[in-house]
Amino acid sequence: MHKVISDTETRMQKCIEVFKVEMSKIRTGRAHPSLLDQVRVDYYGNETPLSQVSNITVGDARTLMITPWEKRMTPVIEKAILAAGLGLNPATSGDVIRIPLPPLTEERRRDLTKVVRNEAETARVSIRNLRRDANAAIKELLKNKEIAEDEEHRLMDMVQKQTDKHTAEIDNLLAVKEKDLMAM
């Protein structure tokens, strides 16, 4: 019966991790190497992550710098960044590709806030679905007479506390990201 609780906890924590990854994909106007995580480069016929064919660093608050490990990869990397649909325009100077990040407009910030809220709601729904599954498993244990009714209530309370804890964590992450997005 405690397996139900620990399994639910693990799955809810995975929901939080997925939510954090989704939040990291939404840029806030500051340069961060993870903005280019989804960029894939054609490297000797294989689709390879950009981070495996170059060094990605932050030049300043609004500039990413990419240094390819092979000089011939520079135009290929530029093309891959443009094709990724991130709205970024790379500029090459010698061996280094610089990517200036345009400042976010107020309208774009509001749009990104809506996207963030939608991601948060999706994460909350996932958490509630896990609660429903755990409660169903607990009821099944009761039906099979593996646990008593008072144990059922205690386990359901534990699942509800887990749900509340993880939902609050999502809300906190959402508040931090919204504040970050709306900061000028």
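Here are the numbers:
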| read-out | value |
| --- | --- |
| Kyte-Doolittle mean at least -1.0 and Cα axial length at least 27 Å: DSSP H helices in the chain | 2-25 |
| At most 12 other Cβ within 10 Å, DSSP loop - trypsin sites (Lys or Arg not before Pro), region 101-157 | 145 |
| Label point distance in nm, residue 14-residue 115, each placed 7 Å from Cα along Cα→Cβ | 2.6 nm |
| Pairwise FRET efficiency - residue 122 versus residue 161, Cβ, R0 = 25 Å, nearest 0.05 | 0.70 |
| For region 33-100, diffusion coefficient by Stokes-Einstein and Kirkwood Rh (Cα), 4 °C, 1.567 mPa s, µm²/s | 111 µm²/s |
| The chain, relative contact order in percent, only Cα pairs under 8 angstrom and at least six apart counted | 26 percent |
| Flagged links, alpha-carbon separation over 21 Å, of 14/145; 3/139; 79/114; 114/165 | 14/145; 79/114; 114/165 |
| Anisotropy class of the chain from Cα gyration tensor, a/c 1.5 cut | prolate |
| Normalised contact order of region 1-78, rounded percent, pairs of Cα under 8 Å and 6 or more residues apart | 21 percent |
| Ranked 2, 32, 166, criterion: other C-beta atoms within 10 Å, fewest first | 2, 32, 166 |
| Rounded Å value of the spacing that divides the Cα centres of region 85-143 and region 59-78 | 26 Å |
| Hypothetical label at residue 108: residues of region 161-178 whose amide nitrogen lies under 15 Å (7 Å Cα-Cβ projection) | none |
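Every number here is computed from the coordinates shown, using simple stated rules; none is lab data. Please read all numbers here as calculations on a predicted model, not as lab measurements. Glycine gets a Cβ as well: all are built from the backbone with ideal geometry, and neighbour counts include every protein chain shown.
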